[in-house]
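Everything on this sheet refers to the single structure shown next.
The values are calculated or read from the model by the stated rules, or taken from the named source; none is laboratory data. As the structure is a computational prediction, the values presented were derived from the model and not from experiment. Cβ placement follows ideal geometry from the backbone for every residue including glycine, while neighbour counts extend to all protein chains displayed.
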Amino acid sequence: MRKILPIIVIAQFFCTSLWFAGNAIISDMAKELNLDQHFLAHLTSTIQFGFIIGTLIFAIFTISDRFSPSIVFFCSAILAGLFNLGLCINNITETQILLFRFLTGFFLAGIYPVGMKIASDYFQSGLGKSLGFLVGALVLGTAFPHLLKDLSLGFSWKYVLYTTTCLSAIGGLSIVLFVPNGPYRKAGQKIKLNAFVTGFKKQNFRSVAFGYFGHMWELYSFWAFVPLMLFAHNQHYPAVNLNVPLYSFLIIASGAVACVFSGILSQFYGVQKIATISLILSCCCCILSPFFLFNSSTLFFLGFLFFWALVVIADSPLFSTLVAQNAPEESRGTSLTIVNCIGFSITVISIQLINLVSDLINAQFIYMILAIGPLLGLIGLRNKRKWHG
């Protein structure tokens, strides 16, 4: 039992390295393939959209509740990795790039929420702490391609794809071989096309889901545009010459520490309280971003991005914990999946909105838009009864 959580965490880290593999290599791909300057936003939105459709299909057909979640995780890891490799095709077109990222995102729906489902089947007490480690693994996996890009300077960008695909296969195998169905798993026996909406009939479930949605409006837009924030700083202060791939990795990856720390804190102060504080702090970062992004002090600028990276993700495992604890037992996996589906739909809107207005609003003020989500999320959290956790 002690070995289960480390295996799930490592597998989650390996498999979610696929998520931002395209973002890490986009600058090299853009030069080689003459891609449009706004292609990064389209690339990120496409894998998010694939994840959305995947989670919707998984939720409607209650895949992770009807079938062994370990087998679902394994199959998804292999398929997502294979489609990740599709970007290595010679003379690939923009349409093909987006198609392969869509399909990679589709099968990530069988990795991230299913990993949380597996964890919730093993750990009912201390679930916040367990999911803290699990979401921390997601953060490291998301950041890892940026580190690979930095380490592979001088090599083809395709090595990032080869590496992340191999890691995904290893992660999938480790789950199917060493993590059987958990003792708290309650399998669904048949398709219930309305199972994914049953959780929303509960007021507490709706409240925490709304808080999660507000959090998601900000999170992936921040992660997607961290490299652009660093690049813009380099343009304003050419003498600084920050290593964009390395700092992108360090900034995003630092959020893993926040996930683990918030999970531990939640055991002492309560899940709701720590989640709310985190959401308030990240909202403040959005609002105050104009004072830091083009600050002449690089140390001040980087310190702000690191702090933002910590608070923007700290509440994620806590919201996932509350969703799992307030969802109907027989459809817990489906409830986690549909909440992920809606949350990631929101990320596409926020990413594309920033992309759309990037030519209209001064870059110094554009990220204030991200404050909308946390503000609405905080309003949603007020409409609750006494929560579990």
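Mind listing whichever residues of the range 315-369 are among the polar types (S, T, N, Q) and closer than 26 Å to Met229 by Cα?
Once the filter is applied, which keeps residues that are among the polar types (S, T, N, Q) and closer than 26 Å to Met229 by Cα, the range 315-369 yields Ser316, Ser345, Thr347, Ser350, Gln352, Asn355, Ser358, Asn362, Gln364.
Can we say Phe344 is surrounded by fewer than 23 Cβ atoms within 10 Å (Cβ to Cβ) and either under 24 Å from Phe51 (Cα atoms) or among the hydrophobic types (A, V, I, L, M, F, W, C) (or both)?
So Phe344 does not fit the description; no.
Just a yes or no: is a residue in the range 159-176 over 30 Å from Val257 (Cα atoms) and at pLDDT below 95?
Within the range 159-176, not a single residue is over 30 Å from Val257 (Cα atoms) and at pLDDT below 95.
Report whether or not Lys149 is farther than 22 Å from Asp65 by Cβ, surrounded by fewer than 24 Cβ atoms within 10 Å (Cβ to Cβ) and either at pLDDT 85 or above or in contact with a helix residue (DSSP H, G or I) (Cβ under 7 Å, 6 or more places away or on another chain) (or both).
no
Give the residue, chosen from Gly22, Gly86, that is at negative phi, in contact with a helix residue (DSSP H, G or I) (Cβ under 8 Å, 6 or more places away or on another chain) and free of Cβ contacts under 8 Å to residues at least 24 places away in the same chain.
Matching residue, one of Gly22, Gly86: Gly86.
Report yes if Leu99 is over 17 Å from the mean Cα position of the chain (by Cα), at pLDDT below 95 and not in a loop (DSSP other than H, G, I, E, B), otherwise no.
When the stated conditions are applied, Leu99 does not pass them.
Residues of the range 24-42 being under 22 Å from Tyr112 (Cα atoms) and surrounded by fewer than 24 Cβ atoms within 10 Å (Cβ to Cβ), which ones?
Answer for the range 24-42, where residues must be under 22 Å from Tyr112 (Cα atoms) and surrounded by fewer than 24 Cβ atoms within 10 Å (Cβ to Cβ): Ala41, His42.
Among the residues of the range 280-335 satisfying the criterion of being more than 15 Å from Ser262 (Cα to Cα) and assigned to a loop (DSSP other than H, G, I, E, B), which is nearest to the chain's Cα centre (by Cα)? Write out each step before concluding.
Step one: filter the range 280-335 for residues more than 15 Å from Ser262 (Cα to Cα), giving 283-306, 323-335.
If we keep only those that are assigned to a loop (DSSP other than H, G, I, E, B) as well, we get 292-297, 327-328.
Details: Phe292: 25, Leu293: 23, Phe294: 27, Asn295: 28, Ser296: 31, Ser297: 30, Ala327: 21, Pro328: 24 Å.
Filtering first and then ranking leaves Ala327.
Given the conditions (1) closer than 26 Å to Ser262 by Cα; (2) modelled with pLDDT of 90 or more, and given that Ser68 satisfies all but one, which numbered condition is not satisfied?
(1)
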